[in-house]
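Take a look at the structure below.
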Amino acid sequence: MLDQDAAAVIDRLDRALTTSGLSLRQFARALGTSPSRFVAYRSGRTAPSAAFLLRAERIGDALGRAREQHVPSSIEAAAALRRATKRGDDDWTWAIALEVRDRLRDVLEHRRDLAAAWEAQPPAVDDHWDALIAAFVDHEFSQAGLPAPKWTARHSLEQPWVLDTPRLTDDQVRAQTPEWLAERNIFVATKDLVTA
């Protein structure tokens, strides 16, 4: 039999899960934990930290409100990238990645109350695109004066990735890459980061 405090924690986790609109597996991943660990928290076998509970409520609430208001989240961004990569067209995927970045910028400028929807750790797409989106999210949060989501810190590529740019050599692309991308071993000419 659970005591009333443990039961209250379970109830709050259940509400956060429901509010998020995600499956248990998706929500656990969004919080940076495993589904089995999240089940242990929800059953009362293991007590989550207070910080975890608050993060679950904050992120669950932001995901739910973002969904209701048709504002993109990191989860939706990953889904859009996954669909784009399945087309096998890197130019199209690049365009989607830039759109994801621009939509995040809009959220941080005009809907900062929904920034936590981008703190949710997105599902993996592909090493290169995961690293790029992590760099974009980290950079946009930094530009907005907010701490970057924890999941963005882990994404750097082991091997350099130089995005093909017409009329530029790889060395020229490297020379024109912003430091915040180069430090993650991603090389994109600054001109290719500009959108209308």
- line: By residue number, the members of region 146-196 that are farther than 25 Å from E119 by Cβ, part of a loop (DSSP other than H, G, I, E, B) and among the acidic types (D, E) are E158, D164
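Residues are listed down the side, and each one gets a yes or a no for (1) at pLDDT below 95; (2) among the β-branched types (V, I, T); (3) under 30 Å from Q69 (Cβ atoms); (4) touching a helix residue (DSSP H, G or I) at 6+ places or on another chain (Cβ under 6 Å):
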| site | (1), (2), (3), (4) |
| --- | --- |
| D5 | yes, no, no, no |
| D11 | no, no, yes, no |
| R25 | no, no, yes, yes |
| R29 | no, no, yes, no |
| P35 | no, no, yes, yes |
- line: The condition from (1) surrounded by 13 or more Cβ atoms within 10 Å (Cβ to Cβ); (2) part of a loop (DSSP other than H, G, I, E, B); (3) not aromatic (F, W, Y) that V107 misses is numbered (2)
query: Could you say whether any residue in region 45-66 is free of Cβ contacts under 8 Å to residues at least 24 places away in the same chain and closer than 26 Å to V194 by Cα?
result: no
- prompt: If we scan region 88-104, do we find a residue that is surrounded by 13 or more Cβ atoms within 10 Å (Cβ to Cβ), basic (K, R) and in contact with a Pro (Cβ under 8 Å, 6 or more places away or on another chain)?
  reply: yes
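The values are calculated or read from the model by the stated rules, or taken from the named source; none is laboratory data. Quantities reported herein were computed from a predicted structural model and do not represent experimental measurements. Neighbour counts are summed over all protein chains in view; Cβ atoms, including those assigned to glycine, are modelled from backbone coordinates with ideal geometry.
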